[in-house]
Structures are given as structure tokens and as C-alpha cells.
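The values are calculated or read from the model by the stated rules, or taken from the named source; none is laboratory data. Just so we're clear, the structure is a prediction, and the values are computed from it rather than from any experiment. Reconstructed Cβ throughout: ideal geometry from the backbone, glycine too, with neighbour counts over all protein chains shown.
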Amino acid sequence: MKELTDLTELKDLTELNVLALSGSLRRNSYNTALLHAARKLTPVGLAIELDHELGGLPLYNQDLDGDTPPESVTALRRRVADADALLIATPEHNASVPAALKSAVDWISTAPQQPLRGKPVAVVGASPGQFGTVRAQLALRQILASVGADAVSKPDVTVFHCDTRFSDDGVLTDTYTIDLLRGLLDALLIKARAAQ
Ligand SMILES: Cc1cc2nc3c(=O)[nH]c(=O)nc-3n(C[C@H](O)[C@H](O)[C@H](O)COP(=O)(O)O)c2cc1C
């Protein structure tokens, strides 16, 4: 297979669509703000669409997971299947992935068509603490590996002390984080092209 590393060449091809999921349901979430920042930084060749529906999903319940699952679940599975890649921002709750995000991944993982298998995924996370969601991201990577998703490994975007890196109205202002996000999106583009 041809090695896909020439970004200039890759950016000339048809645009790939990335579904961005925030693991936070909070209105002024730093993690959702990080996804908004990523959308503004998107390289030519990628288009990022933010998903705002995770809060409408029921908690995963195998009793509801039959031939006719809840409509919100079917819709999410479809959006994931249609996306060329995912970008997931995870907060850290008690050193792990927040329940809403874990439950959403569980719902997607049991879809008969297995939309996460082989799906290119980039992971980011922001926390006001000093570890910047390292532990939540590790947990999420383990979950993604178990469902066969293809996670981008570098660069790590673990936004520690995130309360110092956004303006009061939620705009990412920290140039170091902006550069990391750019690098991650380029890596996601390369992985998503290779998966085509
Ligand atoms: C239940 C709960 C547990 C938390 N546990 C952690 C934690 O383990 N590590 C951490 O860095 N922050 C922790 N936090 C603080 C979150 O990082 C902080 O609320 C952050 O702003 C959440 O992300 P968001 O702004 O995208 O909603 C916790 C917050 C809550 C509500």
C-alpha cells in the first residue's frame, strides 16, 4: 500500500467528514469548547461536525437493545457509521471516562453493523487539574481498542489547567494547545485517508 504521509497531496482529495463527540453535557464545557476550537483549525480535506445529542441518549440498557432500539440510539449509530472519522473530547470523572460517554460508546458498540470497528478516532481532553484527562484518555483508548476502533496515537492532547487556556467566552487562546490540536487533526486526516 502507498504510504500516506504527504499532507499537501492528501488535502487535495475529497473532503472527509469527522463527527465530534463531547463527553461533557455541561453548557460551558471546556471539552466542548476544545471541539469548537478544533473545528476552526480543521485542515483542508476535513470537515468537523459537532454532535449535540449525547445528552438525549438513555443510559445503556440491554433490555432496550433489541431489534428496535430507541430512536436516539439508532440515529447516533447512523451518524457514526456515516462519518469517515471521529474526534472525541473526554472530561475526566473520578480518574476515568464520564458515564455519559461510556454509555454512548456501549450503545454504538452493540450495533449489528459495528460502526466503530476500524473507525479512525482522535482523542482529546481538558481538565482544570494537573493531569489534563490523562487517566480518562487512557481508559477511553482501552475501550476504543476493545471495540476495534483505530485511535490516533500522537500527539497527545491532554489539556491540563484548561481554565487558563480559554477566554471567558470559551475561545481557545493557548498557542501550545492550538499547535497540538493542529498536529492531531493532521494525523487524523492521514489515518482517515489511509482507511478509505
Ligand atoms: C464527578 C466528577 C469527577 C471529577 N473527577 C475528576 C478527575 O478525576 N480528574 C480531573 O482532572 N478532574 C475531575 N473533575 C473535574 C472536571 O475535570 C471538571 O469539572 C471539568 O470542567 C469537566 O469537563 P467539562 O468542562 O468539559 O465539563 C471531576 C468533576 C466531576 C463533576
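Numerical summary
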| quantity | calculated |
| --- | --- |
| Residues of the range 6-50 that turn out to be at pLDDT 95 or above, away from the ligand (no atom under 16 Å from the Cβ) and among the β-branched types (Val, Ile, Thr), as a count | 2 |
| Looking only at the range 90-110, and only at residues there that are β-branched (Val, Ile, Thr) and in contact (Cβ under 8 Å) with a residue 60 or more places away in the chain, the one that is surrounded by the fewest Cβ atoms within 10 Å (Cβ to Cβ) | Thr90 |
| Cross-chain or 6+ apart pairs with Cβ under 8 Å, the range 39-66 first and over 16 Å from Ala89 (Cα atoms), then surrounded by 18 or more Cβ atoms within 10 Å (Cβ to Cβ) and β-branched (Val, Ile, Thr) | Leu46/Val18; Ala47/Val18; Leu57/Val73; Pro58/Val73; Leu64/Val73; Asp65/Val73 |
| Of the criteria (1) within 25 Å of Gly55 (Cα to Cα); (2) crowded, with 18+ Cβ neighbours inside 10 Å; (3) away from the ligand (no atom under 13 Å from the Cβ); (4) over 15 Å from the mean Cα position of the chain (by Cα), which one Ala151 fails | (4) |
| Failed item in (1) in contact with a helix residue (DSSP H, G or I) (Cβ under 9 Å, 6 or more places away or on another chain); (2) more than 10 Å from the ligand (Cβ to nearest atom), with Leu138 passing the rest | (1) |
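Residue by residue, here is whether (1) over 21 Å from Glu49 (Cα atoms); (2) modelled with pLDDT of 95 or more; (3) not in a helix (DSSP H, G or I) holds:
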| residue | (1), (2), (3) |
| --- | --- |
| Pro115 | no, yes, yes |
| Gly125 | no, yes, yes |
| Gly129 | yes, yes, yes |
| Ala139 | yes, yes, no |
| Pro155 | yes, yes, yes |
| Tyr176 | yes, yes, no |
| Arg182 | no, yes, no |
